[in-house]
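In what follows, a single structure is set out as structure tokens and then discussed.
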Amino acid sequence: MNRPGAGTRSSLSSFFRNVLTINRRNVCYTLTANERRLYPIVDCKLLTKKTLAPHKIPMPETYCEITNIFEARHVWETEEHDEFVVKPARGSQGHGIMIITGREGDSWRTVNGEVLSQQDFEYYLYNILSGLYSLGGMDDKVYLEYLVKPHPLFKPVSYRGIPDIRVVLYQGIPVMSMLRLPTKRSRGKANLHQGAVGAGIELLTGKTSGGVCGNSVIDLHPDTRQPIAGIVIPFWEQIIGYAMKVADIIELGYFGIDFVIDVERGPLMLELNARPGLAIQIANRRGLRSRLEYVDSLKIKTRPDFDQRREMMGRL
Amino acid sequence: MSHHNRIRSTNITVYLLATILFLLTAGLIFARFYWGGNTVQMEDGLKLWRVTTVIDLKGNGDRARVRFTLPSNTNRQKIYNEIAHNSDMVFYTRDRESTGNRIGFWNSEFLEGPRTIKYFFSVQPKALKYPLPPTMRLPSNPLNYYPEELHKWLKPSRKIQSNNSEVRRILAKVRGFNRDLLTVNRKLFEFVRDEVAYRTEIGSKDTLATIEELSADCGGQARLFVALSRAAGIPSRLVGGIILKDEIKKETHVWAENYLNGQWIPFDVVNGYYAEVPAHYLELYRADYSLIAYSGMERLSWFFAIRPERIPPIDQAWSLYVLPLHFQSLVQTMLLIPIGILVVSFMRIVIGVKTFGTFTPVLIALGLRQVTLWPGLLMLLGIVLFGWLFRCVLDRLKMLIIPRLSIVITLVIMFIIGMMMLGFHLGQLNFMYVSLFPIIIITWIIERFSISQIEDGFFSAVKDLFGTVFVSVAAYYVLEIPFLRSLLFSFPETLLAVIAAQLILGRYTWMRVLELFRFGALYFRDQPPVGGEA
């Protein structure tokens, strides 16, 4: 069998053969394996949710959608939930997400302790609607969503915010995964480039290995000083199952899928990403390229059933 | 088809296409060399010349202006491959109706420091002997006899004092009782040729000084001949030009033309050419005109570098050299834009430098070419810092995005005008060039910088700003290579090679140089084999 990336030498050539670079991801995977027509479904989170809703993929409940600025006042006056997340439908890299954790008199309080007046809130929505955070600066929509209550298991290793789980799939097979933990530096967001911690997850067991924060390899969470490795992700089998199911509904060849684990509702799918970042390799301390080339070498014609895929995943 | 094969076949198509484009470029360039000058034959005994006029000047911060006569096509000379390097001065040409002269002007509202203007052309002149027309009597009242437009060639001018009594005395002596046009013309020619000694001198003499000393260079001698001819009632004028020889020189040559029975016929008293022009004479202007004039600068010097043309002139219909001179620099700048974008592509895809926007660095680089590098960068960073500070203040006012952007643009414009005013009052006129930066692009940089600062922190925003500046400077240095400009202008088909290069960059899958740092940690990790036990 063709085994690209075989060999454990930490030589320069094995380094280059193992690491997936931006250029290669774009040319060989996102441009080749992903059909352009599917991008709008992935890029707009509201559309993703609508597409996946009939397929019983658990997702956080959408409270309301805002398309026009005049709706903002209405939302401010009628929104009955005290806790929710405000998201731009077409945002990327976690930009423009705001977490509201409660009321304080006439104002709303964010997860970072800021107090938001009605004026602040409307200004914020207006920026989103006029495309400040959207891909390509196009007009955007805003939606309010159920605020996930993170599983207590993650409490020792996260600073505010909600940890999430990223699974990257190629040809319907999960090829790499990581747990992203918010830090003080990331201001409660779970994005690696904003300073969140990334920890690799072993695909078969769902157990975290060591982590990375910025460019340095770490074993303890920088704020809570708790070990990151050895956490077994709850509902791991379910998460992998949902991921493969989503891959079959939205037929992208190469994409990332984000989950959160809610203390009451279990695993919830948050969003898809057709151009998943490459930092997952650093969090796992493994290159992605050899794994993708291995999947290529299997020459899959029609996607095998879930059990066969799990078995293939195990060989990575 | 499997994924791997699909990538391979796409790669093969792309590389094939790129190869075809490279070959096409080479072929087109070769074709220009091989068939380029087909319509200009090297006629027997005729030479093609390449003349480079180099004008060195030094401004002292004033409004400066240079005027230089440019050659025109005539029945005995043809001009090819004209091109001007204007050193960022404003260049235009004007045709003078009364003389048929073509004048080039280089202007600058503010000229500081040394500049070099270069003006190139190729010329194929030929020798021409004029058959003398049938003779006639000299008209007794030439102003009545000749049409209005010839009157200026009959009347005295500043250095050609044809109504002076001394001139009339010599005319009477030389002419005697002859009233025959050709005879009188011949006698005047022989008088100046034989009686006035040739002496090189600095500055040309007028007619009276020539008569007084009976020695002069070509200018004085030609003026005396023209003055005598006019006094005799023959329309007469000076012709200025260059004697073409394989050398570098400053000297020009002056001869005369007389209007004999319906046509202008050349006479060179100094070198004894009667009704003929030799092949190595290049005509530049008519009338008693100075070749070059200038104002508003500390000094100016010029010279001509003349050499036989080895490559035949490119005079096909599809050569850019056929464009009018003053549009050529516009086309030159346009041709540079794809090269600038190629630099940006390379920096982003191969090196991995992040920039604010894809085309921002190219527009900044074009701006820097006008403003020059260091002052330009300082101004740019100054404007961005200023704009960003105000953008921070505006952020507190919770404004809608479009009015907010509009205010930033307005503030940038105000800042730029303010800097110009400040520069004027401080006597720092190079501040004026700040106005040449693309204002909308700078506003966009400010917006992107601010968002990046809010979202990812100040350090990240500064990093991307410096990435943008770095790529702009790289593009600036590439665009400043003079060879590149000449190459693109002579062979615009080079742009096909640029497309080919972009095609190859479009399928570049290797690691970006800066990714080495990002993924460096993975290098020290053992990578277990993939696809192990089944």
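Tabulated results
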quantity	calculated
Selected residue [within 14 Å of chain B (Cβ to nearest Cβ) and buried (at least 21 other Cβ atoms within 10 Å of the Cβ)] from A:TYR242, A:TYR254	A:TYR254
First in segment B:380-398 and within 13 Å of chain A (Cβ to nearest Cβ), second anywhere and loosely packed, with under 14 Cβ neighbours inside 10 Å, Cβ under 7 Å, 6 or more apart	B:LYS398/A:GLN119
Selection from segment B:330-370 of residues that are modelled with pLDDT of 80 or more and of a type in the set (S, T, N, Q)	B:GLN332, B:THR333, B:SER345, B:THR355, B:THR358, B:THR360
Neighbours by Cβ (under 6 Å, 6+ apart or cross-chain): first from segment A:101-117, more than 20 Å from A:THR78 (Cβ to Cβ); second assigned to a strand (DSSP E or B) and basic (Lys, Arg)	A:VAL115/A:ARG109
Filtered residue count, segment B:159-205, keeping only those that are in contact with a strand residue (DSSP E or B) (Cβ under 6 Å, 6 or more places away or on another chain) and exposed (fewer than 15 other Cβ atoms within 10 Å of the Cβ)	2
Filter pass, A:ARG310 being more than 10 Å from chain B (Cβ to nearest Cβ), of a type in the set (D, E, K, R) and touching a helix residue (DSSP H, G or I) at 6+ places or on another chain (Cβ under 6 Å)	no
From A:VAL168, A:VAL115, residue being in contact with a Phe, Trp or Tyr (Cβ under 8 Å, 6 or more places away or on another chain) and at pLDDT 95 or above	A:VAL168
Selected residue [modelled with pLDDT of 90 or more and crowded, with 16+ Cβ neighbours inside 10 Å] from B:ILE413, B:ILE409, B:ILE441, B:ILE451	B:ILE409
Of the criteria (1) more than 10 Å from chain B (Cβ to nearest Cβ); (2) crowded, with 19+ Cβ neighbours inside 10 Å, which one A:PRO152 fails	(2)
Pair list, Cβ under 7 Å, 6 or more apart: segment A:52-77 residue at pLDDT below 95, other residue of a type in the set (S, T, N, Q) and assigned to a helix (DSSP H, G or I)	A:TRP76/A:GLN118
Of the criteria (1) crowded, with 16+ Cβ neighbours inside 10 Å; (2) at pLDDT 90 or above; (3) closer than 15 Å to A:GLY172 by Cα, which one A:ARG289 fails	(3)
Qualifying residue in segment B:510-527 (condition: hydrophobic (A, V, I, L, M, F, W, C), away from chain A (no Cβ under 14 Å) and touching a residue at least 40 places away in the same chain (Cβ under 8 Å))	no
A:ILE41 being more than 14 Å from chain B (Cβ to nearest Cβ) and more than 29 Å from B:ILE451 (Cβ to Cβ)	no
Hey, A:ARG187 within 14 Å of the chain's Cα centre (by Cα), of a type outside the set (A, V, I, L, M, F, W, C) and either in a strand (DSSP E or B) or surrounded by fewer than 23 Cβ atoms within 10 Å (Cβ to Cβ) (or both) or not	no
Unique residue being among the basic types (Lys, Arg), in contact (Cβ under 8 Å) with a residue 40 or more places away in the chain, within 30 Å of B:HIS3 (Cβ to Cβ) and touching a strand residue (DSSP E or B) at 6+ places or on another chain (Cβ under 9 Å) when the list is A:ARG275, A:ARG265	A:ARG275
Single unsatisfied condition, B:TRP318 versus (1) assigned to a helix (DSSP H, G or I); (2) outside the structural domain of B:ILE446 (by TED's automatic domain parsing); (3) hydrophobic (A, V, I, L, M, F, W, C)	(1)
Residues located in segment B:206-233, provided they are surrounded by fewer than 22 Cβ atoms within 10 Å (Cβ to Cβ) and either of a type in the set (Asp, Glu) or touching a residue at least 40 places away in the same chain (Cβ under 8 Å) (or both)	B:ASP206, B:LEU208, B:GLU212, B:GLU213, B:ASP217, B:GLY233
Residue match in segment A:75-92 (condition: within 13 Å of chain B (Cβ to nearest Cβ), surrounded by fewer than 18 Cβ atoms within 10 Å (Cβ to Cβ) and within 30 Å of B:ALA521 (Cβ to Cβ))	yes
Segment A:143-179, residues that are assigned to a strand (DSSP E or B), within 30 Å of A:GLU79 (Cα to Cα) and within 17 Å of the chain's Cα centre (by Cα)	A:GLU145, A:TYR146, A:PRO150, A:ASP164, A:ILE165
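The values are calculated or read from the model by the stated rules, or taken from the named source; none is laboratory data. Because the structure is a prediction, the values reported are computed rather than measured. When we count neighbours, we look across all protein chains shown, and the Cβ atoms used for this are built from the backbone with ideal geometry, even at glycine.
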